[in-house]
Amino acid sequence: MKKKKQVMAGVIVLAVLVAAFLLMGRSKKGGISLEVAPVEKGRITNSVTATGTVEPVTEVDVGTQVSGIIAKLYVDYNDVVKAGQLIAEMDKVTLEAELKSAEAQLSSSHSEYVYQQKNYARSKVLHEKQLVSDTDYETATYNYEQAKAAYEMSQASMVQVRRNLEYATITSPIDGVVINKVVEEGQTVAAGFETPTLFTIAADLTKMQVIADVDEADIGSVEEGQRVEFTVDAYPNDTFEGTVAQVRLGDSDETSSSTGTSTSSVVTYEVVITAENPDLKLKPRLTANVTIYTMERDQVLRVPNKALRFIPEPALLEEMDLQMDEAPQAPRPGTRLVWVKTDNHLAGKAVTVGVSDNNYTEILDGLAEGESVVVDLASETPVGPMPQGERSPFMPGPPGR
């Protein structure tokens, strides 16, 4: 009975050792291991990284074209507004006075125009009958033309004054949310060379965009429709999805070249990325860390990149009791050489490769799924502590020395 238990224990130990050998996929001899990797299906991606700013898709600066005092504000930060809704009013006393003055001027010029028109008509009839001189007729014509021009000018002035009075009532141009308010009640604004901004309204915060600055070395692989992932510091555990909507060829607000933004000899291009924001986590002006996937291939046959660079050493393989076929003398153009391990046998195969990323390369022809390719040779000798009395010159010494 005791002997049977010993035999069973030996069988179990042997099985464990064999399983460990198979799982490791390595042949060991003299402290050297042969690393292999399976030919399997997986994902290969290439990406471009950049930083950008989260912005609303539609953002409108609301201002005023007339100077004056802000009499009343009807909205504040984060208020939801509708197109045409009253959001502010300016003091109208001066503008109403200008309107009355324009109305009086229009009435006066109209009376003068009517008088000169009748005078001109009478002079014309008398001149045709040669009852008035040419000089009198020309004077009547001149006065009529002057009165007509003055009347038309008063009409134009009236339109402008009425429009200015309308500008004193400020309404929202779009449906949206107030994300910025620049003025307060009682503040004076001057509409001189440029229109002063009173509010900034974003149309729909459930749809945002990221304006990313992509380096000139990477912009060639960025195209519309590519998938994007990005994160913001406000939510470090969340990853947001987006799509490249536009690759801009122009410059931004910084010092620019003819086709990009150049700052300190670094040229970048703006890439517009659209993103859904249903829970309103993305807020305007957040900084985004962007990853643009320029190439994505799923379920392709792949091998590690190291397998394409492996060159066997016959002497080392002989020490590990491994047999190696001679490598093909000249693989056909467009192919690469990999080494396939079967039991204790290594054979070189010419393979046709496709796309590649930092870790894997696609295999189009020459290998089958499940085969094992050699990746590298590695030492199995453990690195122990430094002997007593020896110390690295870069390590600090003990206190007192």
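Across the accessible surface of segment 166-316, with the other protein chains kept in place and a 1.4 Å probe, carbon and sulfur atoms take up 48 percent. Probing with 1.4 Å while keeping every protein chain in the model, the per residue accessible area of segment 43-151 equals 62 Å². Among Arg162, Arg43, the sequence by solvent-accessible area, most first, with a 1.4 Å probe is Arg162, Arg43.
Among the aspartates and glutamates, which have Cα under 16 Å from the Cα of Lys118 when same-chain residues fewer than 8 positions away are ignored? Result set, ordered by chain and number: Glu128, Asp136, Glu138, Glu145. Using the Cβ-Cβ distance between Ser265 and Val182 with R0 set to 25 Å, the FRET efficiency works out to roughly 0.10.
Hey, which of these cross-link pairs are over 26 Å Cα-Cα: Lys100/Lys148; Lys41/Lys281; Lys181/Lys281; Lys72/Lys207; Lys181/Lys207? Don't skip to the answer; put the middle values down first.
Working: Lys100/Lys148 21 Å; Lys41/Lys281 36 Å; Lys181/Lys281 21 Å; Lys72/Lys207 31 Å; Lys181/Lys207 22 Å.
Distance filter (> 26 Å) returns Lys41/Lys281; Lys72/Lys207.
Model label points for Val60 and Thr169, set 7 angstrom from Cα along the Cα-to-Cβ axis, are 1.7 nm apart. The trypsin sites (Lys or Arg not before Pro) of segment 100-160 that meet both conditions, a loop assignment by DSSP and at most 10 other Cβ atoms within 10 Å of the site Cβ, are Lys129.
Spin-label model, Glu369 to Asn305: label points 7 Å out along the Cα-to-beta-carbon direction sit 2.5 nm apart.
Modelled spin labels at Glu145 and Leu316, positioned 7 Å past Cα toward Cβ, are 10.3 nm from each other. Accessible surface comparison of Lys349, Lys41, Lys181, probe 1.4 Å, protein chains only, largest first: the order is Lys41, Lys349, Lys181. Rounded to the nearest 0.05, the FRET efficiency derived from the C-beta distance between Asp134 and Ala156 at R0 = 41 Å is 0.80.
The values are calculated or read from the model by the stated rules, or taken from the named source; none is laboratory data. Just so you know, these numbers come straight off a predicted model, no measurement behind them. In this analysis, Cβ positions are derived from the backbone assuming ideal geometry, glycine residues included, and neighbour counts consider all displayed protein chains. Protein only, heavy atoms only, side chains kept; ligands, DNA and RNA dropped before computing areas. Shrake-Rupley method; radii C 1.70, N 1.55, O 1.52, S 1.80 Å.
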